1. Collect the residues in region 165-179 that are among the charged types (D, E, K, R), in a loop (DSSP other than H, G, I, E, B) and either free of Cβ contacts under 8 Å to residues at least 24 places away in the same chain or open to solvent by 50 Å² or more (accessible area, probe 1.4 Å) (or both), keeping them in residue-number order.
2. Return the residue satisfying two criteria in turn: it lies in region 35-44 and is surrounded by 15 or more Cβ atoms within 10 Å (Cβ to Cβ) and not charged (D, E, K, R), and of such residues it is nearest to residue 15 (Cα to Cα).
Amino acid sequence: MHREYGKRKLGIFGDLPPLIVELGPGSGSNFRYYPRGTRVIAVEPNPMMLKRMYKQADRHGVEIDLRHAGAEGMEVESESADLVVSTLVLCSVRDPVRVLAEVRRVLTPGGRFAFLEHVAAEPGTRLRKVQDAIFRPWHWLGEGCHLNRDTASTIENAGFSDLELDRFDGSGQMPYRPHISGFAIR
Ligand SMILES: C[S@@+](CC[C@H](N)C(=O)[O-])C[C@H]1O[C@@H](n2cnc3c(N)ncnc32)[C@H](O)[C@@H]1O
């Protein structure tokens, strides 16, 4: 994770505020990038993730404030965060349009939504045909992951005032590519 995405993550997070809302932090792979003492509102509905998440939080000195509800209805106050982070999460949520509306709600005006996600390959490519063909077993085995989701369009249409979005391949031969990374400003 760090070797593959580390540099990009640091680029999209920008100046790190003392409070970060992170969607689906999972095992806490982003905590290493946050300054010690950061308070992370962790929007993580999967209890299976919590043990590893707290271990990483301890290791990197970040304070966890856990919210159990999914990001579609996150229990976070409106206009309370200058930074919302989502890495490899929008592929798994039930309703990405709803999640992005929630992200806009909790961001302060001018606040930043930093994202890094794997997305659908171009229609008609061999990779896209593979993604479409293995969608069901992948979705089942990958805990709800949608291999062929057009997350770039969803972010582009979410009503942010400014958007920087970069497309990159990544992940060698694996079907969870290409990727997008960037940030959107409320
Ligand atoms: C592939 S993992 C990515 C974990 C971490 N963000 C990373 O980059 O390593 C996907 C995460 O999204 C979480 N997730 C799934 N559905 C969610 C939802 N509706 N709201 C918030 N998180 C969700 C999962 O529990 C899991 O922790």
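The values are calculated or read from the model by the stated rules, or taken from the named source; none is laboratory data. Worth saying up front: this structure is predicted, and the values here are computed from it rather than measured. Cβ: placed from backbone, ideal geometry, glycine included. Neighbour counts: every protein chain shown. Ligands, DNA and RNA are stripped out before the accessible areas are found, and what is left, the full protein with its side chains, is counted by its heavy atoms. Shrake-Rupley method; radii C 1.70, N 1.55, O 1.52, S 1.80 Å.
1. Step one: list which residues in region 165-179 are among the charged types (D, E, K, R), which gives 166-167, 169, 177.
From what is left, the residues that are in a loop (DSSP other than H, G, I, E, B) are 169, 177.
Within region 165-179, 169 is the sole residue that qualifies.
2. 38
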